[in-house]
1. Tell me the residue from Ala120, Ala81 that is closer than 23 Å to Ala18 by Cα, at pLDDT 95 or above, within 16 Å of the chain's Cα centre (by Cα) and not acidic (Asp, Glu), please.
2. Answer yes or no as to whether Ala12 is of a type in the set (A, V, I, L, M), under 30 Å from Asp99 (Cα atoms) and surrounded by 14 or more Cβ atoms within 10 Å (Cβ to Cβ).
3. Output the residues belonging to the range 110-142 that are more than 15 Å from Asp15 (Cα to Cα), part of a helix (DSSP H, G or I) and in contact with an Asp or Glu (Cβ under 6 Å, 6 or more places away or on another chain).
4. Of (1) touching a His at 6+ places or on another chain (Cβ under 7 Å); (2) exposed (fewer than 13 other Cβ atoms within 10 Å of the Cβ), Ala44 satisfies all except one. Which?
5. Mind checking which residues of the range 165-195 are buried (at least 17 other Cβ atoms within 10 Å of the Cβ) and in a helix (DSSP H, G or I)?
6. Do we have Thr19 as free of Cβ contacts under 8 Å to residues at least 40 places away in the same chain and at negative phi here?
7. Looking at this structure, is Pro50 under 22 Å from Glu155 (Cβ atoms), part of a loop (DSSP other than H, G, I, E, B), touching a helix residue (DSSP H, G or I) at 6+ places or on another chain (Cβ under 6 Å) and not hydrophobic (A, V, I, L, M, F, W, C)?
8. Have a look at Glu161, Glu83, Glu138 and point out the one that is out of contact with any Pro (no Cβ under 6 Å at 6 or more places or on another chain), free of Cβ contacts under 8 Å to residues at least 40 places away in the same chain and closer than 21 Å to Arg32 by Cβ.
Amino acid sequence: MTGMSSAPRLAAFFDFDATLVKHDSLPLFLSRCTGWPKTLFTFALALLTPDRSQPDLKGAVKASWLRHALAGMPEAQARKAAEGLVPNWIPDIRQRLLDLKAEGAVIVVATGALDLYVRALLKDLPVDVIMATDMESENGVLTGRMKGGNCVRLEKARRVEEFLRSHGPFDRTYGFGNAPSDLPMLKLVDEARVI
């Protein structure tokens, strides 16, 4: 038929911590899993023994912290702890996500937060794809090691770029994140907003 046009293909990429929510979600999750004393102790231990296999200091501390805090924990226990988390949304960014979904955009949350809990926090939002940091599990028990890389900075940008390549082209792309961590991802979209 002539005169008919299809709706534009839109995609929107949102970071989670300090973008959709006001805080870093990892300490809250770990405290639900292990209690605040162990969470704080394992963080101090991670500062003293960073995982040198990681590409940067933040990643090295995170990898060590996860190993000390989660190794040996049943995965089911960690997922159960996630159910009690309550997101502290940044209202206007949450609303922007809802508005873009209403316009027909594919909604992608790309985050360094752990898949163990971020899905529970996002369950009430219309998110199509979650790119998160996965944790290794053997026979239902967490090893404390990240699987497939820490979904932050360049790794996050790599995953977003792969998504754009494999699911595009899109007529317009949007990105929401914080500086400096999300700048590599935000360079890949047409319209970027730094929170």
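1. Working: Ala81 fails: within 16 Å of the chain's Cα centre (by Cα).
The conditions single out Ala120.
2. Yes, satisfied.
3. The answer is Ala120, and nothing else.
4. Only one criterion is unmet by Ala44, namely (1).
5. Pro184, Met185, Leu186
6. For Thr19, the condition - free of Cβ contacts under 8 Å to residues at least 40 places away in the same chain and at negative phi - is not met.
7. Here the answer is yes, as Pro50 does meet what is asked.
8. Details: Glu161 fails: closer than 21 Å to Arg32 by Cβ; Glu138 fails: closer than 21 Å to Arg32 by Cβ.
After applying the criteria, what remains is Glu83.
The values are calculated or read from the model by the stated rules, or taken from the named source; none is laboratory data. Computed from a prediction, not measured in an experiment: that's the story for all the values here. Please note: Cβ atoms are built from the backbone with ideal geometry, for glycine as well, and neighbour counts cover all protein chains shown.
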